[in-house]
Amino acid sequence: MSVRRYLTLVFVCIVFLPLAVASYVVRGVVVSESSRRAEESLLPALDTAIGLYNERADAVDEGVRAAVSTAKFARLLRNGNQDTLTGYLQRRIVGIEPIDFLIALDEGSNPLAWAQKTPDFVPDVDTPSAEQILQEGETGMGFHRTRKIAVRLPGRDVLGYVIGGFWIDQDLLAVTARGETDLSVAQQGRVIASTLPLENGVEMDVSFGEPFESHLEEAVTARARRLGGRLEIIASRPTAPEDDLARRVLIGMVLLLLIALPVMSYLASKLAAKITEPLEVLSDGARAITQGDWSHRIPVEANNEVGRLAGSFNDMTATLEKTFTELRTSRDQLSESRDQLHRAIRRVGEVLRSRYDIKEVFDAIINTAADAIDSDAAILWTFTPTREELIPAVAVGIKMSELDRLKIGEGVAGFVGERGRTALIDGQARGQRTARGEPQLPIAMAVPLRSDDRIRGVIASYRAEGSAPFSEEDLETVIFLAEQGGVAMENVGLHEEAQRLSLTDGLTGTFNRRYFQMQFRQVLATAQRFERPFSVLMMDLDHFKLVNDNYGHQRGDALLIEFVQRTTRLLREVDTFARYGGEEFICLLAETDTEGAVTTAEKIREAIKAEGYGSLGEPPINLTVSIGVATYGEHGDNYNDLVEAADRALYRAKQGGRDRVAVAGEGPSSLKIAT
């Protein structure tokens, strides 16, 4: 292929490929943004529908009382004539919002009569009977009802009861449906009412929290929330508009590229011809020189880039022989330097590409540093959770088993970790020396590794005795790598923050059991390697079921949140606190023995019962907590054993009277489960 054709192809690719990529990216952004906005529009529809449902649920009790709070109804109920009662109830529900049905009961709670407005359910869904409404809870299959309301005449005992309510049907949903957003109500996945014209009930898999794909006569994107009882309310939009938008954007981009291709090809061909014509003249001169004609000169016809190139070419001819000799001498040195530079550049790129994996970031930094400055050993030191010591995270040129942890301020790495300044040791001065836990090499250099304006570790390099000391150029190279590493660590931190959202409890905001298990593996590995203790606390709120029974689950949820807040304030940053399940919580105390764990547990126990729980205006609720303690090495050496030991200690605390701390292995081992 000629240079002209090659340049033409290169110019076309330089322009066409970025344009094609940009077109693809624009299409993806447009479609993604359209889908995101469609999904976000579902939440307001759900909020509005649930708000309307709650308004009607709050108003229905008052409406029922207004409909039947007459002496005439009481007398009719006392007489017990079904037809008369039915007629009276039918007249009362007309025009009264939000009442759709009324049921009259005798003093034994047996139905006497009932009247209803016809609900608008999916065609194959039957209207609930009076008996079904009475049997189910306040929210049932397509309805919400009141509790029994007593009916009596002045000075008399209860004559009977009345129950009223409203239908959760298409009429209710249509009030809040907007635009392309449709609303449906389902019972355990089966649609019973919808603003869509469904011919029969549709079975669908319902997910809560995140949008999900389903099918309601057509493909839809939906969000769902629980409404009460076994009912779910679902907001949905058809996916067809997004698919059509993606198709139209793609067609437009393809047409643009087809039009641009011939135009770019023509312009690239002209540009290539303009460049290659003077290059042919230079090529003839170079051919003459390669044949040994050192007297050949290239004519300089213009004072432009090509003319200056021709003049430089002529100057080169006069000194070419001398240059050949110098090149032979330095060829090997340049080759080695070039290889080192290429490796350093490649590793820096690897750091940026692997910014979501902290281990790969550390490996790339330390390997690049070792190659770039030709060190005999290189180590990346990181802080322990308490930041009182440094431990080796990655090492090159030395085995990890030959290293030990360093106290802050000890040795070259400890000095930099404490002061946050660089250090250069030439091996001859009487000042700073390497510590026992570092490589026993006299020449050293250390640079702090910063991320988010905080020292996260130390990059230390070492050379053997007799080697050249590290230079200022070496120091600048490692500082550059440390800066790039800090950026990569910040990216890792952002990624880990996104992951954290999937590792927290949705109610209390604290970590969940999955995160606790992940942290346990890391703490266990550190404890096994450096023979350090740690402890597990298993906690359970005493008699918490009575709180839910007496005050309701909403009040119980608020108490769980306040319990987490009180407990978290008593823990250190290095400790891990998580919801284990229900009213059970678990805590991982890093580098804490049994005595320290019991002290922490007692602080938590005292803080929990110190004052009542509740917001302003609510009656305070007094709570206590029982805590079981287990310590690594004493009560187990793996996850299952330690958690089981802490759990047995918890139940021993329960059996012993609650509101106490029990240590694993103390007291009887066969216990009955207490709540």
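Annotation note: trypsin sites (Lys or Arg not before Pro) in the stretch 135-191 located in DSSP loop regions with a Cβ neighbour count of at most 15 within 10 Å are Arg147, Lys148, Arg156. Computed from the C-beta positions of Asp120 and Asn81 and an R0 of 25 Å, the FRET efficiency is 0.20 to the nearest 0.05.
Rolling a 1.4 Å probe over the protein heavy atoms gives the stretch 174-271 an accessible area of 54 Å² per residue. Compute the longest continuous run of the chain that contains no exposed chymotrypsin sites (Phe, Trp or Tyr not before Pro); treat a site as exposed when its DSSP state is not H, G, I, E or B and it has at most 13 other Cβ atoms within 10 Å. No qualifying site falls inside 295-675, the longest such stretch. The stretch 418-455 and the stretch 57-119 have Cα centres separated by 87 Å. Ranked by solvent-accessible area (1.4 Å probe, protein heavy atoms only, all chains present), the residues Glu40, Glu583, Glu203 order from largest to smallest as Glu203, Glu40, Glu583. Taken about its Cα centre, the stretch 529-675 carries a charge dipole of roughly 300 debye when the Cβ of each Lys and Arg holds +1 and the Cβ of each Asp and Glu holds -1. A full extension of the chain between Met400 and Tyr551 corresponds to an added length of 48.6 nm, given 0.36 nm per residue minus the alpha carbon distance. May I ask you to give the percent of accessible area on the stretch 544-658 that is carbon plus sulfur, with a probe radius of 1.4 Å? Roughly 46 percent, rounded to a whole number. Residue by residue, the stretch 480-488 carries 3J(HN,Hα) couplings of 4, 4, 5, 5, 5, x, x, 4, 4 Hz when phi is fed to the Karplus relation 6.51 cos²θ - 1.76 cosθ + 1.60 (θ = phi - 60°); x denotes Gly or Pro.
Cross-link pairs exceeding 32 Å between alpha carbons, from the set Lys148/Lys545; Lys148/Lys609; Lys399/Lys603: Lys148/Lys609; Lys399/Lys603.
Within the stretch 409-469, the GluC sites (Glu not before Pro) that combine a DSSP coil assignment with at most 13 other C-beta atoms in a 10 angstrom radius are Glu465.
The alpha-carbon of Lys407 sits under 15 angstrom from the alpha-carbons of these aspartates and glutamates, leaving out residues fewer than 8 places away in its chain: Glu388, Glu389, Glu418, Glu438. The long axis of helix 513-530 is offset from the longest Cα principal axis of the chain by roughly 40 degrees.
The sum of -39500 (n - 2.57) across all DSSP H runs of n ≥ 4, divided by the residue count of the chain, sets its helix-only mean residue ellipticity at 222 nm to -17000 deg cm²/dmol. Stokes-Einstein diffusion of the chain at 37 °C, 0.692 mPa s viscosity, Kirkwood radius from Cα pairs, rounded to a whole number: 97 µm²/s. Here Glu136 and Glu606 are evaluated by their C-beta separation; at R0 = 56 Å the FRET efficiency comes out at 0.80. Placing unit charges on the Cβ atoms of the charged side chains and taking the dipole of the chain about its Cα centre, the candidate lying farthest along the positive direction among Ile14, Pro299, Leu503 is Leu503.
Dipole magnitude for the stretch 1-134: computed about the Cα centre from +1 point charges on Lys and Arg Cβ and -1 point charges on Asp and Glu Cβ, it is near 820 debye.
Between the listed residues Thr181, Leu255, Thr239, the Cα displaced farthest toward the positive end of the dipole of the stretch 177-280, a dipole computed from Cβ unit charges relative to the Cα centre, is found at Thr181.
Ranking Thr84, Gln135, Trp167 by Cα position along the charge dipole of the stretch 52-172, where only Lys, Arg, Asp and Glu carry charges on their C-beta atoms, puts Thr84 farthest toward the positive end.
Here Ile275 and Tyr24 are evaluated by their C-beta separation; at R0 = 45 Å the FRET efficiency comes out at 0.90.
Only Lys, Arg, Asp and Glu carry charge here, each on its Cβ (+1 for the first two, -1 for the last two); on that basis the chain has a dipole of about 640 debye about its Cα centre. In terms of its C-alpha gyration tensor, the stretch 186-231 has an oblate overall shape, because the principal axis ratio a/c (a ≥ b ≥ c, square roots of the eigenvalues) is not below 1.5 and a/b does not outweigh b/c.
The values are calculated or read from the model by the stated rules, or taken from the named source; none is laboratory data. Note that this is a predicted model, so its numbers are computed, not measured. All Cβ positions, even for glycine, are placed from backbone atoms using ideal geometry, and neighbour counts span all protein chains on display. Note: areas computed on protein heavy atoms with side chains; ligands, DNA, RNA excluded. Shrake-Rupley method; radii C 1.70, N 1.55, O 1.52, S 1.80 Å.
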